[in-house]
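Enquirer: Encoded as structure tokens, here's the structure I'll be asking about.
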Amino acid sequence: MSTGYFGDISKIPFEGPGSTNPLAFRFYDPDELVLGKRMEDHLRFAVCYWHSFVWPGSDPFGGQTFERPWYGPSGAADTMALAKKKADVAFDMFAMLGVPYFTFHDADVRPEGASFSESRDRLNEIADYFEAKMDATGLKLLWGTANLFSHRRYMAGAATNPDPDVFAYAAATVKSCMDVTHRLKGQNYVLWGGREGYETLLNTDIGRELDQMGRFLSMVVDYKHKIGFKGSILIEPKPQEPTKHQYDYDVGTIYGFLKRYGLEGEVKTNIEQGHAILAGHSFEHELALAAALGIFGSIDMNRNDYQSGWDTDQFPNNVPEMALAYYQVLRAGGFTTGGTNFDAKLRRQSLDPQDLLIAHIGGMDCCARGLKAAASMVEEKALSAPLAERYAAWDKPDAARLLDKNADLEAIEADVLARNLDPQPRSGRQEYLENVVNRYV
Ligand code: XUL
Ligand code: CO
């Protein structure tokens, strides 16, 4: 039953590229086949709870701008009744958009209790409320996660805190969130270490903190197996913000961390476009690297403002960027448990309920266009044929011998001398390839 919060709008229709209706999809048609698979099953869209239903529109210079019927006097849904009202509107919006998934932190969905057990009971009660709505609508959970960064107890980190009691509190909190995620048949469980880092080395023992984090993650993996959770455990890289330096800096750093603690076969990554940019990478770099290292899991599809150098969590609106991102996703074989999560928020002047719908519609359309462009590039081997050609010499037996484990520098030197080798450079054809991409976007 609709809450009426968005007016008398029902399901957002697909009207095709010619439509000028702001409340219709122009490119996202869930049933359209792309490379033989429904678009919905490629993109696996999810809407996050936090930015759309929890964030009040504040910035470092000013407070709440949004007035939502589920915000109490403090600007948050601080009673269980308000939390349920918020859930009603959230599920209304998920259904209108026709997204198959949603995502949440514990703190997004229930007011903090006076004790750990009260917070956990409240989370469980909201999970019951969600479960009934999910059964009724068919909506699914892409991932759950614990907010281990907003409360002041976490100001010096969660797993990496100098106080073991905070480590314990965080571990018990993650257990309760994994339990709920498992119960709601979540496809993944995400850990974003917002405060797992430091402000100053003057008060920080990096080696000790990394060991704490490694142990914490090992316990998460053990618990996953213990409860029979079939989803993936994902870490979300981000280089800084809120802390000056975060340990999960980028995909490469996470891979090194996983290797060190023997978890590289157990944990993958949830890669966010804006975080990639903060780390000084392109989004497609992070995606391609994760795929190459075997730790690609899911994506948070929100961008930063390139001028501000800050994590602005904006909805995607740049089709060429999306095309290159989905090209990497397709090259990686597409999503398995992962999907496209909008960890994106409105600008604080976008006050109207319809702004929430319009933002997601635009983001979904942008991703759909990017996916279709990427699929055409795959289908026509626009980039893969020149790539195969560039590396073709490596496919010859002589070249493969160079990488054989019996190869050594002396034998290679003898061969270079015997063949009187004088390798000739070949063009990398970058501008040609850029022009090829431009034909598709
Ligand atoms: C913060 C961020 C988080 C994670 C989940 O920048 O991206 O919202 O996605 O904790
Ligand atoms: Co994110």
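The values are calculated or read from the model by the stated rules, or taken from the named source; none is laboratory data. Source: prediction; values computed, not measured. In this analysis, Cβ positions are derived from the backbone assuming ideal geometry, glycine residues included, and neighbour counts consider all displayed protein chains. Protein only, heavy atoms only, side chains kept; ligands, DNA and RNA dropped before computing areas. Shrake-Rupley method; radii C 1.70, N 1.55, O 1.52, S 1.80 Å.
Enquirer: When you go through THR79, THR20, THR3 one by one, which is the residue that is touching a residue at least 12 places away in the same chain (Cβ under 8 Å), open to solvent by 40 Å² or more (accessible area, probe 1.4 Å), of a type outside the set (A, V, I, L, M, F, W, C) and more than 30 Å from ARG153 (Cα to Cα)?
Expert: Working: THR79 fails: more than 30 Å from ARG153 (Cα to Cα); THR20 fails: touching a residue at least 12 places away in the same chain (Cβ under 8 Å).
THR3 is the lone residue from the list that is touching a residue at least 12 places away in the same chain (Cβ under 8 Å), open to solvent by 40 Å² or more (accessible area, probe 1.4 Å), of a type outside the set (A, V, I, L, M, F, W, C) and more than 30 Å from ARG153 (Cα to Cα).
Enquirer: Any chance you could count how many residues in the stretch 290-304 are away from ligand 2 (no atom under 16 Å from the Cβ) and either within 26 Å of TRP55 (Cβ to Cβ) or surrounded by fewer than 21 Cβ atoms within 10 Å (Cβ to Cβ) (or both)? I'd like the intermediate steps shown before the answer.
Expert: Let us first name the residues in the stretch 290-304 that are away from ligand 2 (no atom under 16 Å from the Cβ), namely 291-295.
The next check asks that each one be either within 26 Å of TRP55 (Cβ to Cβ) or surrounded by fewer than 21 Cβ atoms within 10 Å (Cβ to Cβ) (or both); those that pass are 291-294.
Of the residues in the stretch 290-304, 4 are away from ligand 2 (no atom under 16 Å from the Cβ) and either within 26 Å of TRP55 (Cβ to Cβ) or surrounded by fewer than 21 Cβ atoms within 10 Å (Cβ to Cβ) (or both).
Enquirer: Continuing with the same structure: Before we move on, is LYS185 open to solvent by 40 Å² or more (accessible area, probe 1.4 Å), more than 15 Å from ligand 1 (Cβ to nearest atom) and under 30 Å from TYR129 (Cβ atoms)? Working first, answer last.
Expert: On the way: open to solvent by 40 Å² or more (accessible area, probe 1.4 Å): yes; more than 15 Å from ligand 1 (Cβ to nearest atom): yes; under 30 Å from TYR129 (Cβ atoms): yes.
When the stated conditions are applied, LYS185 passes them.
Enquirer: Only one of these conditions is not met by ILE9: (1) under 22 Å from the mean Cα position of the chain (by Cα); (2) more than 16 Å from ligand 1 (Cβ to nearest atom); (3) part of a loop (DSSP other than H, G, I, E, B). Which number is it?
Expert: (1)
Enquirer: Oh, and also: Of everything in the stretch 240-278, what is farther than 21 Å from ALA170 by Cα and either buried (at least 19 other Cβ atoms within 10 Å of the Cβ) or not assigned by TED's automatic domain parsing to the domain that holds TYR306 (or both)? Give them in sequence order.
Expert: The answer is ASP250, VAL251, TYR255, ILE271, GLU272, GLN273, GLY274, HIS275, ALA276, ILE277, LEU278.
Enquirer: ASP88: touching a residue at least 40 places away in the same chain (Cβ under 8 Å) and part of a helix (DSSP H, G or I), yes or no?
Expert: Yes.
Enquirer: Among the numbered conditions (1) within 16 Å of ligand 1 (Cβ to nearest atom); (2) open to solvent by 30 Å² or more (accessible area, probe 1.4 Å); (3) outside any helix (DSSP H, G or I), tell me where ALA107 comes up short.
Expert: In the conditions (1) within 16 Å of ligand 1 (Cβ to nearest atom); (2) open to solvent by 30 Å² or more (accessible area, probe 1.4 Å); (3) outside any helix (DSSP H, G or I), ALA107 misses (3) alone.
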